[in-house]
1. Say whether the condition of being in contact with a Gly (Cβ under 9 Å, 6 or more places away or on another chain), of a type outside the set (S, T, N, Q) and more than 23 Å from residue 40 (Cα to Cα) is met by at least one residue in the stretch 96-112.
2. Could you check, for the stretch 321-334, whether at least one of its residues is surrounded by fewer than 21 Cβ atoms within 10 Å (Cβ to Cβ), more than 21 Å from residue 422 (Cβ to Cβ) and within 16 Å of the ligand (Cβ to nearest atom)?
3. Run down 150, 109 and say which single residue is crowded, with 22+ Cβ neighbours inside 10 Å and touching a residue at least 12 places away in the same chain (Cβ under 8 Å).
4. Name every residue in the stretch 113-126 that is within 17 Å of the chain's Cα centre (by Cα) and more than 13 Å from the ligand (Cβ to nearest atom), in order of residue number.
5. May I ask you to verify whether residue 184 is surrounded by 21 or more Cβ atoms within 10 Å (Cβ to Cβ), of a type outside the set (D, E, K, R) and more than 18 Å from residue 253 (Cβ to Cβ)?
6. Those residues that are within 16 Å of the ligand (Cβ to nearest atom) and either charged (D, E, K, R) or not in a helix (DSSP H, G or I) (or both), I need them from the stretch 146-174; list them, please.
7. With the condition being surrounded by fewer than 18 Cβ atoms within 10 Å (Cβ to Cβ) and under 25 Å from the mean Cα position of the chain (by Cα), I'd like the strands (runs of 3 or more DSSP E) fully within the stretch 206-296 carrying at least 2 qualifying residues.
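The values are calculated or read from the model by the stated rules, or taken from the named source; none is laboratory data. The structure presented is a predicted model; accordingly, all values stated were derived computationally and were not measured. Cβ sites come from the backbone with ideal geometry, for glycine too, and all protein chains shown count toward neighbours.
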Amino acid sequence: ATERSNQSGAAPILVASNRGPVSFSSGDDGSLTLRRGGGGLVSGLSAIDDPSAVWVCAALGEADRTAVRQSPDGRLDLGGFDVGGQAVRMLDIDPGTFARAYNGVANSTLWFVHHLLYDTPVSPVFDDRFRREWESYRVYNAAFAEALATEAAPGAAVLVQDYHLSLAPALLRDLRPDLRIGHFSHTPWAPPEYYRMLPDDVGAAVLTGILGADRAAFLTRRWALAFADCCEVVLGAEVDRTALTVTHGGRTTRLGVHGLGADGDFLRERARRPDVDARLAALREQVGDRRTVVRVDRTELSKNIVRGLLAYRHLLRSRPEWLDRVVHIAFAYPSRHDLPEYREYTAAVQRIAQEINDEFGTASWQPLILHVNDDFPRSLAAYRLADVALVNPIRDGMNLVAKEIPVVSDDGCALVLSREAGAHAELAEDALVVNPYDVIATADALHRALTMPAAERADRTKRLADAATALPPQQWFLDQLNALR
Ligand code: G6P
């Protein structure tokens, strides 16, 4: 590492994230197919049209690893494939190390902590297995820090993303003190009393890792302040909540808030293409002239899909006037199936969906349509059709679905929104806000949303769309870059 620290590369701007802008899958004949990923970061980076920028990410599966091994220096040959101009360097991390870091620490520990997902009488258990995972997480973060140190030009700006990479900022600063380092958390941040469940050294290492950055940024002020609270309680750091700074070990890190918005221009254009029109026609056929409640999520514990379904069931049980007059369209895409909790959750979602259809369905009415495979144009079609959008996470960094639906909606859509979603900070005024644990209150909000007068719904949707697109991904990215420089 000391030897490497004297080298520098040519990239003036670097992004680091676990999941990169592209991924590979392999066919039966061994051929590799390249796919572009979605999400705010991929759109955001298109704002910089700089071919010397580098995106460092991890190889996530065997097909990615094969592609990396065929590429010189781990730089992928994208053959002109458009990911916004920059080069992609994928790290071929030992599969066992990667799995322990990604599944064991990032997704089963840090994600659970920040989203308050533990069933605390039985979990978490921090034992010797966790200690091996934690060691792998350190190795994984060090691999990123070294790759970034090698690629970065003197004084370059490096934007490190999310909970997978909380140690990387401090490790990178040790290697390359000349760099401007930013860290961005796309998740909520845990309150200190919950955060302190982590072993003391682990909790401290995650915080000092991020404080290795010049700027640590969050999606909302609420999450930034929670991070500051943890720094104060766990590290004894000095916090200025007005200036939004944290001082620890003689260095000051600025906290930033950048509320990622929906990409209005892209969505409006994409949602009116023929493939979306075709899916919209198919959904209309299924739904008839009934009203629709739409939700679109990864099948993710924090998204609270089960309570959403229970709320819909309560609506049908308690207000029979909706029988045969409403359809709930729920898209729940597969996610993180290496974790048993996610497999069990997926099964629970399917079971309750079946129960609802068994209890209320008739020969001519299917009260619930559940799709468990990902189809972006079909999601857009559902966005256009929705009379009501249900976004009820237990806790969510932002939640872009809440921002995308009002932008795409054809005739206006009432938004039922959890007060624990980051999007609540920007959309509360025109949404129907719910406590995500209260299924009766959620059912009542669904009823109010379904009965909202058309004119009011249209007015609210317009204001929601304006608020949702206030900071589009490109500007979100540039704001961070400028603030860092
Ligand atoms: C969240 C995280 C991202 C992550 C995404 C999908 O949005 O903030 O960092 O990429 O979930 O999760 P996955 O584990 O499939 O990458």
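1. No - not one qualifying residue is present in the stretch 96-112.
2. Yes - at least one qualifying residue is present in the stretch 321-334.
3. Only one candidate qualifies: 109.
4. Step one: of the stretch 113-126, the residues within 17 Å of the chain's Cα centre (by Cα) are 113-117.
113, 116, 117 - these are the residues of the stretch 113-126 that are within 17 Å of the chain's Cα centre (by Cα) and more than 13 Å from the ligand (Cβ to nearest atom).
5. Working: surrounded by 21 or more Cβ atoms within 10 Å (Cβ to Cβ): yes; of a type outside the set (D, E, K, R): yes; more than 18 Å from residue 253 (Cβ to Cβ): no.
It is false that residue 184 is surrounded by 21 or more Cβ atoms within 10 Å (Cβ to Cβ), of a type outside the set (D, E, K, R) and more than 18 Å from residue 253 (Cβ to Cβ).
6. Passing the criteria: 159, 160, 161, 162, 166, 167.
7. It comes to 251-257.
This table checks each residue for (1) away from the ligand (no atom under 16 Å from the Cβ); (2) in a loop (DSSP other than H, G, I, E, B); (3) modelled with pLDDT of 95 or more.
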| position | (1), (2), (3) |
| --- | --- |
| 55 | no, no, no |
| 67 | yes, no, no |
| 77 | yes, yes, no |
| 80 | yes, yes, no |
| 97 | yes, no, yes |
| 104 | no, no, yes |
